[in-house]
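Trainee: One structure, pasted below without further comment.
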Amino acid sequence: MPNNSHFIIHKPDGYLSQFVNNQIKCKNKKLLGELGEFPEGIMAIGRLDEDSEGLLFLTTDGVVSEQVRSKKVEKEYYVLVDGEITDAAMSELQDGVEIGIHGRKYLTLPCKARKLIPVPDIPPRIKRIRDDRHGPSTWISITITEGKFRQVRKMTAAVGFPTLRLLRVRIGNERLGNLLAGDVKQVDGFDIGA
């Protein structure tokens, strides 16, 4: 049985969560392979869209990939939303909201959502989003167990508070910790707590 390789990375914004550029529309995009030397057959577990950042697992083990993507494993995101989010909107997020997935309506599973007070100490993005002159914003934490396409962004938009910045900080028991954008750490495995 071949040895498998596992990595934890802090995906910077502006990168696609893939290694091979096989689409014309992805031409001139930054790919994960630019962050380090990885073995053949490496794959990202789950994805973060190009504008999202944070914790991402890489592995050569398809079984581990399936385990991490299961609905038993929590994924926590710190989300900067446009405006001062209301308690009613937070309750809606927790109960599940209707979003569109591939042209169909989908009701998200109940999740954990809370305002982040005090505001987390997160380094600024390389590409600035905006500043307080454009109006107030709120940092919240959303913890989900599913991972539909752009789900967290669609959830915050559905309750009237569009996402300005999205940072995954935890998968299972693994935390982003003090990894900086672009950092790569090889590990023996992932503590997903499932």
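The values are calculated or read from the model by the stated rules, or taken from the named source; none is laboratory data. Keep in mind that what you see is a predicted model, and the values were worked out from it rather than measured. Glycine also receives a Cβ, built like all others from the backbone with ideal geometry; neighbour counts cover every protein chain displayed.
Trainee: Can you spot a residue in the stretch 111-120 that is modelled with pLDDT of 95 or more, farther than 19 Å from Leu164 by Cα, surrounded by 14 or more Cβ atoms within 10 Å (Cβ to Cβ) and not β-branched (Val, Ile, Thr)? So that I can check it myself, show each step before the final result.
Mentor: Of all residues in the stretch 111-120, those modelled with pLDDT of 95 or more come to 111-116.
So of that shortlist, the ones also farther than 19 Å from Leu164 by Cα come out as 111-112.
Retained after the next criterion (residues that are surrounded by 14 or more Cβ atoms within 10 Å (Cβ to Cβ)): 111.
Those still in the list that are not β-branched (Val, Ile, Thr) too: 111.
For the stretch 111-120, residues modelled with pLDDT of 95 or more, farther than 19 Å from Leu164 by Cα, surrounded by 14 or more Cβ atoms within 10 Å (Cβ to Cβ) and not β-branched (Val, Ile, Thr): present.
Trainee: Need a quick list: strands (runs of 3 or more DSSP E) entirely within the stretch 1-108 having at least 2 residues that are free of Cβ contacts under 8 Å to residues at least 60 places away in the same chain and closer than 17 Å to Lys154 by Cα.
Mentor: Values: elements: 6-11, 43-45, 53-59, 75-82, 98-101, 104-107.
Hits in the stretch 1-108: 98-101, 104-107.
Trainee: While we're on this one: Scan the stretch 65-84 and give yes if some residue there is out of contact with any Ser or Thr (no Cβ under 9 Å at 6 or more places or on another chain), of a type outside the set (Asp, Glu), under 27 Å from His134 (Cα atoms) and in the same structural domain as Thr163 (by TED's automatic domain parsing), otherwise no. Explain how you work it out, then say what you get.
Mentor: First, the residues of the stretch 65-84 that are out of contact with any Ser or Thr (no Cβ under 9 Å at 6 or more places or on another chain): 66-67, 69.
With of a type outside the set (Asp, Glu) added as a condition, the list becomes 67, 69.
Still in the running and under 27 Å from His134 (Cα atoms): none.
No, the stretch 65-84 contains no residue that is out of contact with any Ser or Thr (no Cβ under 9 Å at 6 or more places or on another chain), of a type outside the set (Asp, Glu), under 27 Å from His134 (Cα atoms) and in the same structural domain as Thr163 (by TED's automatic domain parsing).
Trainee: Which of (1) surrounded by fewer than 19 Cβ atoms within 10 Å (Cβ to Cβ); (2) on the phi > 0 side of the Ramachandran plot; (3) at pLDDT 90 or above does Ser5 not meet, given it meets every other one?
Mentor: (2)
Trainee: How many residues, within the stretch 80-114, are of a type in the set (S, T, N, Q) and more than 19 Å from the chain's Cα centre (by Cα)?
Mentor: Kept after step one, since they are of a type in the set (S, T, N, Q), are these residues of the stretch 80-114: 86, 91, 94, 108.
Right, trim to more than 19 Å from the chain's Cα centre (by Cα) and you get 86, 91.
So the count comes out to 2.
Trainee: Return yes or no: is Ile142 under 18 Å from the mean Cα position of the chain (by Cα) and surrounded by 14 or more Cβ atoms within 10 Å (Cβ to Cβ)? Don't jump to the end; show me each part of the working.
Mentor: On the way: under 18 Å from the mean Cα position of the chain (by Cα): yes; surrounded by 14 or more Cβ atoms within 10 Å (Cβ to Cβ): yes.
So Ile142 fits the description; yes.
Trainee: Separate question: Say we look at the stretch 89-115 and pick out the residues that are touching a helix residue (DSSP H, G or I) at 6+ places or on another chain (Cβ under 9 Å) and among the basic types (Lys, Arg); which of these is farthest from Tyr78 (Cα to Cα)?
Mentor: Among them, the one singled out is Lys112.
Trainee: If you don't mind, another one. Is at least one residue of the stretch 130-144 outside the structural domain of Gly62 (by TED's automatic domain parsing), within 16 Å of His10 (Cβ to Cβ) and not polar (S, T, N, Q)?
Mentor: No, there is no match, as no residue in the stretch 130-144 is outside the structural domain of Gly62 (by TED's automatic domain parsing), within 16 Å of His10 (Cβ to Cβ) and not polar (S, T, N, Q).
Trainee: In the stretch 148-194, what count of residues is obtained for those that are of a type in the set (Gly, Ala, Ser), surrounded by fewer than 16 Cβ atoms within 10 Å (Cβ to Cβ) and under 16 Å from Glu53 (Cα atoms)? Walk me through how you get there before you give the answer.
Mentor: Taking the stretch 148-194 and keeping what is of a type in the set (Gly, Ala, Ser), we get 157-158, 160, 172, 177, 181-182, 189, 193-194.
Subset that is surrounded by fewer than 16 Cβ atoms within 10 Å (Cβ to Cβ): 160, 177, 182, 189, 193-194.
Narrowing the set further to residues that are under 16 Å from Glu53 (Cα atoms) leaves 177, 182.
Here the count works out to 2.
Trainee: I would also like to ask the following. Check Arg165, Arg125 and return the single one that is in a strand (DSSP E or B), out of contact with any Ser or Thr (no Cβ under 8 Å at 6 or more places or on another chain) and not polar (S, T, N, Q). Break it down stepwise before answering.
Mentor: Details: Arg125 fails: in a strand (DSSP E or B).
Arg165 is the lone residue from the list that is in a strand (DSSP E or B), out of contact with any Ser or Thr (no Cβ under 8 Å at 6 or more places or on another chain) and not polar (S, T, N, Q).
Trainee: Tell me the residue from Asp183, Asp121, Asp95 that is among the acidic types (Asp, Glu) and in the same structural domain as Leu58 (by TED's automatic domain parsing), please. If you could, list the steps in order and put the result at the bottom.
Mentor: Working: Asp121 fails: in the same structural domain as Leu58 (by TED's automatic domain parsing); Asp95 fails: in the same structural domain as Leu58 (by TED's automatic domain parsing).
Result: Asp183 is the single residue among Asp183, Asp121, Asp95 that is among the acidic types (Asp, Glu) and in the same structural domain as Leu58 (by TED's automatic domain parsing).
Trainee: Do we find a residue being buried (at least 17 other Cβ atoms within 10 Å of the Cβ), over 26 Å from Lys29 (Cβ atoms) and either at pLDDT below 95 or touching a Cys at 6+ places or on another chain (Cβ under 8 Å) (or both) anywhere in the stretch 83-102?
Mentor: Checked against the condition, which is being buried (at least 17 other Cβ atoms within 10 Å of the Cβ), over 26 Å from Lys29 (Cβ atoms) and either at pLDDT below 95 or touching a Cys at 6+ places or on another chain (Cβ under 8 Å) (or both), the stretch 83-102 yields at least one hit.
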